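Just below is one structure, and these are the notes that go with it.
We did not get these values from a lab; they are worked out from the coordinates using the rules stated. Worth saying up front: this structure is predicted, and the values here are computed from it rather than measured. Here Cβ is always computed from backbone atoms with ideal geometry, including for glycine, and neighbour counts include all displayed protein chains.
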Amino acid sequence: MYVRNGVVRMFDLSVGIVAGFILTACSKQSGPPAPPAAVAEVALDHPAATPELPSAAPVAGPSDLGALTDFDGISIGTQWKPLHAKGPYAKPCSSEALEDEPRIRAWMYTGLPCEDTTFVNGTSVVVFVDARDKVVAFGWMAGTYGATRNASPVTVGAQLATVTKVWGEPVAKFPLGKLKVARFKNGVRVLTGSVDQIVGAAVGSFSDSPTSKRWYALDVAYGAYTDPVPNPANSYDFCKRVSNHVFDVSGDGRRATESDIAHCRADQTPEQNQCVLDAKTDQELGACFVH
């Protein structure tokens, strides 16, 4: 993702964790994913009017929503300019008009380096602002910056079940590339990782369509520029053994990197990892991930 001559280009985020982990113990890229052959260009200028994105209307929720719907001074309908002019929001990774909504701009802040900047404590934040400079939606993911800025039961690293016990079952669920989305009756979308560990939350006007560029921006921020949130059931030492065993079986000769271990902790179930440790051939490794 980069900006050149006033034009924004956004690359497709490619996802292939399982295959990459089994065969090459995939490592996290330090920059954006490789661009496709054709890259769409979107002008940054905003037209005067602002369209509304279809979305399920939120209903009154439990009293613990306050800190979720007002994150670090950001809430729906607030003016964005005073907020992004100071503190950690002064220097974004990018500020892009959305391809499917050119009147909406996504301000992206990332937990890993992007355009020579990083956000606070490994957390990534994306704020969607309309042509009137009003916040219409936002989401935060991973790290520890949200620990004192969100409300129970949305806790990074916990299982989605901890939320359903309080809010009931979600009314809509769908996968993105790296994230999964669960929308609850109170209007909050809880973001989870591959094994239903909570990654963060999204508030405001979002559709239930996984092809929306609002979701795409959040997915890119997490998948390409954020350390993945681990499943607490996968310890560091356990996943180091798992990752090294992949290389031993394949005869690669390499040793596990920090990125290999992080992806093992975030994207594999404990049962899959035990299966990997028991495998003696590439075929047996592959069988651990056949659904």
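Some observations on this one:
- Projecting label points 7 angstrom from Cα along Cα→Cβ for TYR236 and SER209 puts them 4.4 nm apart.
- Given LYS86/LYS213; LYS91/LYS165; LYS134/LYS178, the pairs whose alpha carbons are separated by over 32 Å: LYS91/LYS165
- The stretch 196-237 versus the stretch 164-189: alpha-carbon centroid distance in Å: 12 Å
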